[in-house]
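Chemist: Handing you this structure, nothing more for now.
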Amino acid sequence: MLSLAGCGIAASDRSAAHPADVGRPSQSQTASPLGQQCLAELGRTNARFTSLPDRDYGGGCSVLNSVQLDRVGSDTGQFAVTNLGPLACPAANALAGWARFAVDRAARQILGSPIARIETMGSYSCRNIAGSTRRSAHARAEAVDIGGFVLGNGRRISVKAGWTGASDEREFLRVVHRSACKRFGTVLGPDYNAAHQDHLHLEAGDGSFCR
């Protein structure tokens with residue numbers, strides 16, 4: 001399952017485009033009917049986002065039907081999602097639903113405080129799957145890496161420390177990991193391999209690979 005090992009570079013480089021990327025417009029700048037439907041669905045989640053123009057960077061790297069997602073809806077308002085680059089609309093929709101119905105509610109129930117911020121390690125990055133010559137889902141802006149969560153009371157839960165940390169942190173992270181598996185095609189966490197010890201890799205798609 002090499003095609004699933006999508007993360008294998010330093011966190012500081014995760015959201016960077018290829019150095020040569022300038023970005024040229026794709027053939028069509030008009031959203032398809034499915035694209036328009038996705039944007040409408042994302043709008044109904046109470047997320048705050050900007051629709052981005054399509055860009056084809058060549059070499060298997062592109063940003064199509066994507067958005068810049070700044071905030072996602074909760075049961076009572078909104079909270080921030082940080083360090084995101086372009087994210088394909090289906091992935092953004094999955095992220096918005098997971099953030100509200102899994103992450104925020106689990107935080108309230110298990111940790112006693114709502115979510116104030118989800119910290120990511122980026123989304124789009126023109127790179128290959130670790131140890132492979134195949135492009136990662138990040139090269140199509142179809143994946144996002146989640147590094148941590150900040151609660152309304154100021155407490156921070158990192159994936160790296162919390163996965164084997166305090167009991168409530170372990171419970172929270174495993175609940176949101178299992179919930180992500182219901183919304184994303186591929187979910188990889190610290191139990192998958194060493195490359196994912198510090199984040200949850202959430203990838204849009206029709207698969208059901210959850211580790």
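Chemist: Can you tell me the orientation of helix 89-98 relative to the chain, as the angle in degrees between its alpha-carbon axis and the longest Cα principal axis, to the nearest 10?
Modeler: Relative to the chain, helix 89-98 is tipped by roughly 10 degrees.
Chemist: For segment 63-132, what % of the accessible area comes from carbon and sulfur atoms, probe 1.4 Å?
Modeler: 47
Chemist: Would you mind counting up the charge near Phe79? Only other residues with Cβ under 13 Å from its Cβ, with Lys and Arg at +1 and Asp and Glu at -1.
Modeler: Neighbourhood net charge equals +2.
Chemist: Calculate, in nm to one decimal, what Gln68 and Asn193 gain on full extension: separation in residues at 0.36 nm each, minus their alpha carbon distance.
Modeler: That pair, Gln68 and Asn193, stretches by 42.1 nm at full extension.
Chemist: Among Leu202, Ala139, His177, which residue has its Cα furthest toward the positive end of the charge dipole of segment 124-203, with +1 on Lys/Arg Cβ and -1 on Asp/Glu Cβ?
Modeler: The residue sitting farthest along the positive end of the dipole is Ala139.
Chemist: If you take the C-alpha gyration tensor of the chain, multiply each eigenvalue by 5 and take the square root, what semi-axes do you get, largest first, in whole Å?
Modeler: Semi-axis lengths for the chain are 27, 21, 14 Å.
Chemist: Now for a separate question. Taking Rh as the Kirkwood radius computed over C-alpha pairs, what is the Stokes-Einstein D of segment 103-157 at 4 °C in a medium of viscosity 1.567 mPa s, expressed in µm² per second?
Modeler: Details: Rh = 12.7 Å.
For the chosen part, D equals 102 µm²/s.
Chemist: Additional query: Using all C-alpha to C-alpha distances in segment 124-211, build P(r) with 5 Å bins and read off the rounded percent in each one.
Modeler: 3, 14, 22, 26, 18, 11, 5, 2, 0
Chemist: Per DSSP H run of n ≥ 4, the term is -39500 (n - 2.57); total these for the chain, divide by its residue number, and report the mean residue ellipticity at 222 nm rounded to 500 deg cm²/dmol. It would help to have the intermediate numbers written out before the result.
Modeler: Numbers: 4 runs with 40 residues, N = 211.
My calculation for the chain gives -5500 deg cm²/dmol from helical runs alone.
Chemist: Now a separate question. Any idea what Rg and Dmax come out to for segment 69-147 if you just take the C-alpha atoms, in Å?
Modeler: According to the Cα coordinates of segment 69-147, Rg and Dmax are 13.9, 44 Å.
Chemist: Return the single residue from Ser74, Ser132, Ser158 with maximal mean-square fluctuation; model: Gaussian network over the chain, springs between Cα atoms under 10 Å.
Modeler: Judging by the Gaussian network model, the answer is Ser132.
Chemist: Taking Cα pairs under 8 Å and at least six residues apart, what relative contact order does the chain come out at, in percent?
Modeler: Across the chain, relative contact order equals 20 percent.
The values are calculated or read from the model by the stated rules, or taken from the named source; none is laboratory data. Source: prediction; values computed, not measured. We place every Cβ from the backbone using ideal geometry, glycine too, and count neighbours over all the protein chains shown. Just the protein is used for accessible areas: all its heavy atoms, side chains included, with ligands, DNA and RNA removed. Shrake-Rupley method; radii C 1.70, N 1.55, O 1.52, S 1.80 Å.
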